[in-house]
Amino acid sequence: MTSESLTFSIEDEGNGPPHTIPTQCPPLSNARGRGLWLIVETGFTLFFNERGNKVIMVVKTKGANHINSDVSDKKENLNFCGNN
């Protein structure tokens, strides 16, 4: 934690998820795929390690309206995850 951001890190022993994140909410009929989308939608920037089993989530806490960020900010966040 800094005066301007919060950082969370989650790691497990698996191979990790694909390095793409949906740009819109997956259908509710899908059993998976909404978690990473929701994290990005709420303002977090995501970084994955090479193996994909560790994700670092960063959210600005100072001078940012991260809940209502515009579409271009969200697309920029997705680019960190390998999604073009």
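The values are calculated or read from the model by the stated rules, or taken from the named source; none is laboratory data. Please read these numbers as outputs of a predicted model, since none were measured by experiment. Every residue, glycine among them, receives a Cβ derived from its backbone with ideal geometry; neighbour counts consider all protein chains shown.
Quick look at the values:
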read-out	value
The one condition in (1) part of a loop (DSSP other than H, G, I, E, B); (2) surrounded by fewer than 12 Cβ atoms within 10 Å (Cβ to Cβ); (3) touching a Lys or Arg at 6+ places or on another chain (Cβ under 7 Å) that GLY16 fails to fulfil	(2)
Pick from region 37-56, criterion out of contact with any strand residue (DSSP E or B) (no Cβ under 7 Å at 6 or more places or on another chain) and part of a helix (DSSP H, G or I), ranking: surrounded by the fewest Cβ atoms within 10 Å (Cβ to Cβ)	LEU38
PHE80 vs. criteria surrounded by 11 or more Cβ atoms within 10 Å (Cβ to Cβ) and modelled with pLDDT of 85 or more	no
Pair list, Cβ < 7 Å and 6+ apart or interchain, from region 1-28 residues that are within 17 Å of GLU41 (Cβ to Cβ) to residues that are part of a strand (DSSP E or B) and modelled with pLDDT of 85 or more	LEU6/VAL59; PHE8/MET57
Yes/no for HIS66 being out of contact with any Asp or Glu (no Cβ under 9 Å at 6 or more places or on another chain) and at pLDDT below 85	no
